[in-house]
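Quick note: the coordinates plus some simple rules give every number you see, no bench work behind them. Quick caveat, the model's predicted, so the values are computed rather than measured. Cβ placement follows ideal geometry from the backbone for every residue including glycine, while neighbour counts extend to all protein chains displayed.
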Amino acid sequence: MAHLSPLSKDLNPDLAEDFAIFEKILGFVPNSLLTMQRRPAIVKGFGVLTKAVMAPDGEVDLGFKRLLAHFASRAAGCQYCEAHSLIAAKIHGISDEKVAAVWDYQSSPLYSDKERVALDYALAAGSVPNNVDESLMERMKTYWSEDEIVEILGAICLYGFLNRWNDSMATDLEDAPKALGEMVLKSGGWTGGKHIK
């Protein structure tokens with residue numbers, strides 16, 4: 001059970017545009033933001049950062065950025081964000097087959113070598129302590145431009161904030177990501193943990 005209950009999304013009309021960003025990304029306003037709205041400026045600031053990191057005119061595919069977020073969340077152990085990031089990946093064009101093969105990214109033909117190295121990077125960057133080393137960066141530079149690497153790390157770091165927030169708050173997982181977690185992630189050890197009522 002969540003340590004703080006989410007508040008109604010209608011409580012702060014000034015946040016309607018900010019909440020709309022996340023409804024577009026996820027199809028709903030996440031409980032994390034509904035809890036966060038106790039300090040509206042944090043929601044607004046997070047919305048600005050999210051729009052910058054997940055900008056549709058970036059060089060890195062929007063759906064793939066959500067897969068990066070999934071791997072960073074997996075490394076951090078945030079089961080809330082693991083499920084949320086996969087919902088967002090599907091909404092932004094990652095196929096059901098590719099989502100279903102997420103645990104097999106190293107061997108699945110659905111993932112390219114370019115994607116594999118970036119997902120390895122997300123796991124390393126999302127770990128504590130951080131596991132990004134010179135060898136991994138050289139592999140990244142083989143496939144990704146410096147601008148793309150900045151975008152990739154932006155997605156990883158955005159979810160770093162959410163990982164800390166949701167695990168510290170024990171944010172309750174909503175129905176859609178919970179169902180996806182049970183369907184896809186359970187085989188990899190996902191239980192929903194403290195995020196399931």
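Please verify whether Thr171 is surrounded by 17 or more Cβ atoms within 10 Å (Cβ to Cβ), part of a loop (DSSP other than H, G, I, E, B) and on the phi < 0 side of the Ramachandran plot, treating the condition exactly as stated. Answer is yes for this residue.
What do you reckon, is Val102 hydrophobic (A, V, I, L, M, F, W, C), surrounded by fewer than 18 Cβ atoms within 10 Å (Cβ to Cβ) and either more than 18 Å from Pro30 (Cβ to Cβ) or within 16 Å of the chain's Cα centre (by Cα) (or both)? Spelling it out, it is not the case that Val102 is hydrophobic (A, V, I, L, M, F, W, C), surrounded by fewer than 18 Cβ atoms within 10 Å (Cβ to Cβ) and either more than 18 Å from Pro30 (Cβ to Cβ) or within 16 Å of the chain's Cα centre (by Cα) (or both). Can you name the number of the only condition in (1) in contact (Cβ under 8 Å) with a residue 60 or more places away in the chain; (2) buried (at least 18 other Cβ atoms within 10 Å of the Cβ); (3) in contact with a helix residue (DSSP H, G or I) (Cβ under 6 Å, 6 or more places away or on another chain) that Asn31 fails? Of the numbered conditions (1) in contact (Cβ under 8 Å) with a residue 60 or more places away in the chain; (2) buried (at least 18 other Cβ atoms within 10 Å of the Cβ); (3) in contact with a helix residue (DSSP H, G or I) (Cβ under 6 Å, 6 or more places away or on another chain), the odd one out for Asn31 is (3). A Cβ distance below 9 Å, combined with a sequence gap of six or more or placement on separate chains, defines the contacts here; from region 113-136, residues that are at positive phi and without any contact (Cβ under 8 Å) to a residue 24 or more places away in the chain reach no residue that is surrounded by fewer than 20 Cβ atoms within 10 Å (Cβ to Cβ) and assigned to a helix (DSSP H, G or I).
Just one of Glu138, Glu182 is loosely packed, with under 13 Cβ neighbours inside 10 Å and among the acidic types (Asp, Glu); which is it? Exactly one of Glu138, Glu182 is loosely packed, with under 13 Cβ neighbours inside 10 Å and among the acidic types (Asp, Glu), namely Glu138.
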